[in-house]
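Remarks on the structure that follows.
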């Protein structure tokens, strides 16, 4: 049975990824910094949980051995979100994650999957493809891209399979309280009659988080496609339409106060992902 280490196990995506791995009858080693939170998860008794705090990283430790020599790693962990503009990502996160992943690789890891972000593409509009030149424009996206480049350089010294998954937009149970749908659900629960949002004309690429988790797991377990892979639907939908479709799906109504918030300055107005490489990775043998 294949053994997979999942970092960021108790995060929004982590919970779903572990559930998907267990469906695939994979032996899971799960890690996060908060063991009490982990114990509350449905998967806790079905995995080998090993608590780990990246702030206590010790370069003299063999983390490949510490995490029971996994066949593969799905690295989801990343602190400080959704504050994309904080220098913390470059000053704190980047060196920690570089050191941790290099340690695993130096001591024997042969298969690594890491989640990146569509924000690595910068402010480019239209259909975003993996072979495009990129222009990350905020500290989070810059840090992620620098981590990717660092890991690619390590492939010149060590032999390992490497997949970098650029995540687009996702939604579902357990998402960050500051996310659009979480705020909408809170307004509905509070009986509010008006929901303040942006103009809503920006186009985005959305996937429900169970589908995102399934894609991540299938990408991680296959070896046909490596390197950059978008995780997206390939379909552009305006934020306004997305909210209206969601309200319809839960049979709720609320007046949308469009234009209350300005459009984010770290995102382009209209973009979505190409699924060409994703489709190849997910093809059945």
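The table below gives the values:
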read-out: Any hit, region 157-175, residues being assigned to a helix (DSSP H, G or I) and under 28 Å from residue 214 (Cβ atoms); value: no
read-out: Where residue 235 falls short, out of the listed (1) part of a loop (DSSP other than H, G, I, E, B); (2) in contact (Cβ under 8 Å) with a residue 60 or more places away in the chain; value: (2)
read-out: Selection from region 176-207 of residues that are crowded, with 17+ Cβ neighbours inside 10 Å, in a loop (DSSP other than H, G, I, E, B) and within 17 Å of the chain's Cα centre (by Cα); value: 205
read-out: Restricting region 251-267 to residues that are in a loop (DSSP other than H, G, I, E, B) and touching a helix residue (DSSP H, G or I) at 6+ places or on another chain (Cβ under 8 Å), the residue that is surrounded by the most Cβ atoms within 10 Å (Cβ to Cβ); value: 267
read-out: Single residue of region 216-232 satisfying the filter (in a loop (DSSP other than H, G, I, E, B) and touching a strand residue (DSSP E or B) at 6+ places or on another chain (Cβ under 7 Å)) that is surrounded by the most Cβ atoms within 10 Å (Cβ to Cβ); value: 232
read-out: Tally of residues being within 19 Å of residue 203 (Cα to Cα) and part of a helix (DSSP H, G or I) across region 79-136; value: 4
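Every read-out reported here was derived from the displayed coordinates using simple, explicitly stated rules and does not represent laboratory data. Keep in mind it's a predicted model, so treat the numbers as computed, not measured. Quick reminder, even Gly has a Cβ in these numbers, built from the backbone with ideal geometry, and neighbours come from all protein chains shown.
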